[in-house]
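*Asks:* The structure's right below; bear with me while I get my questions together.
The values are calculated or read from the model by the stated rules, or taken from the named source; none is laboratory data. As the structure is a prediction and not an experimental result, all values here were calculated from the model. Here Cβ is always computed from backbone atoms with ideal geometry, including for glycine, and neighbour counts include all displayed protein chains.
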Amino acid sequence: MKIGSKEHKELFCRSFFESHLEYEPERLSWPNLDNIALESLRSIPFWREALNTEQEAGVMVNAFAATISDPLLKEAIALQGMEEVRHGRLIKFLINHYDIQISSPPEPVLPSNIKTAFLDFGFGLFGIACRHINYIPEVLFDIFDTVLDEEARHIMFFINWVTYLQIQEGKSNWSRGINALVHYSRALQDKIKAFSGSNEEQQEGFTAIGASNFIDNLTPELLLSTCLQENTRRLDVFDKELLQPQLIPNLAKTALVTFRFIPRRQSNSIAQLSEP
């Protein structure tokens, strides 16, 4: 199969359709929580931003789907939009069901350039946080594991779609690489801004209280190694002919090796200094 061909398009769209799950957030088996578990769940500081992100994503992806002329791609992107809306419903139901007190997020606003917004779109931090929050009851992980699998599907579809699109537009490998760096950079900046609690309206952000208050032993090594493990585990189930993300995993591997190398150098230096 040639990447960028009609067969490629049909494969990544068909894979996306076939892996879709039917469920309604309100009908899931939401567990009863004891007071300790309930208080821990309510103390997690990012529920407002998680809700806001998913609600914005649903509106934006659905709007972008309406601009697509190719019937197969239009159907696939519309399906992603439906799933993003459903993620927003799931988080909103959780917030209401467990009486988590948050301020109301702003109403979603369509960006001026919907295609650029879709290309910039990403939501990885929430998955990492969920995996390392010891205070979320184990039974809730079953629910959120489904959400994270859907996000992995979105990543796989996006990587293949954007490559297909750029090849159809005649862009070279070099040009596609530069575009990827630009969009990854903007997406990262958006996530940092969104979760940093850096302005008055975002005091409920991920770092407004401090991740270390509810994620034990959070280090760059732990974050990167978990990202890589999750990337492998969740994406390995897809057809091997499909493209998988390469740039960010490779950068993460390089950074992880660097982080692991620095302490060894420090330890060796200390040992050398202590020798007579």
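*Asks:* Based on this model, can you work out whether residue 74 counts as over 30 Å from residue 138 (Cα atoms) and either charged (D, E, K, R) or not in a helix (DSSP H, G or I) (or both)?
*Replies:* For residue 74, the condition - over 30 Å from residue 138 (Cα atoms) and either charged (D, E, K, R) or not in a helix (DSSP H, G or I) (or both) - is met.
*Asks:* Still on this model: Among what's in the range 17-61 and is assigned to a helix (DSSP H, G or I) and of a type in the set (Ser, Thr, Tyr), pick the residue that is nearest to residue 75 (Cα to Cα).
*Replies:* 53
*Asks:* Continuing with this model, one more query. Listed residues 44, 77, 95, 102; which is surrounded by 15 or more Cβ atoms within 10 Å (Cβ to Cβ), within 23 Å of residue 155 (Cβ to Cβ) and touching a residue at least 12 places away in the same chain (Cβ under 8 Å)?
*Replies:* That would be 77, the only listed residue that is surrounded by 15 or more Cβ atoms within 10 Å (Cβ to Cβ), within 23 Å of residue 155 (Cβ to Cβ) and touching a residue at least 12 places away in the same chain (Cβ under 8 Å).
*Asks:* Could you list all residues from the range 138-157 that are surrounded by fewer than 20 Cβ atoms within 10 Å (Cβ to Cβ) and of a type in the set (Phe, Trp, Tyr)?
*Replies:* Those that are surrounded by fewer than 20 Cβ atoms within 10 Å (Cβ to Cβ) and of a type in the set (Phe, Trp, Tyr): 141, 144.
*Asks:* Condition first: within 22 Å of residue 151 (Cβ to Cβ) and either charged (D, E, K, R) or surrounded by 13 or more Cβ atoms within 10 Å (Cβ to Cβ) (or both). Now tell me which residues in the range 18-41 satisfy that.
*Replies:* 18, 19, 20, 22, 24, 25, 26, 27, 28, 30, 41
*Asks:* Across the range 105-115, what is the total count of residues that are touching a residue at least 12 places away in the same chain (Cβ under 8 Å), within 25 Å of residue 160 (Cα to Cα) and out of contact with any Ser or Thr (no Cβ under 8 Å at 6 or more places or on another chain)?
*Replies:* 2
*Asks:* Against the conditions (1) at pLDDT 90 or above; (2) more than 23 Å from residue 24 (Cα to Cα), where does residue 86 fall short? Just the number, please.
*Replies:* (2)
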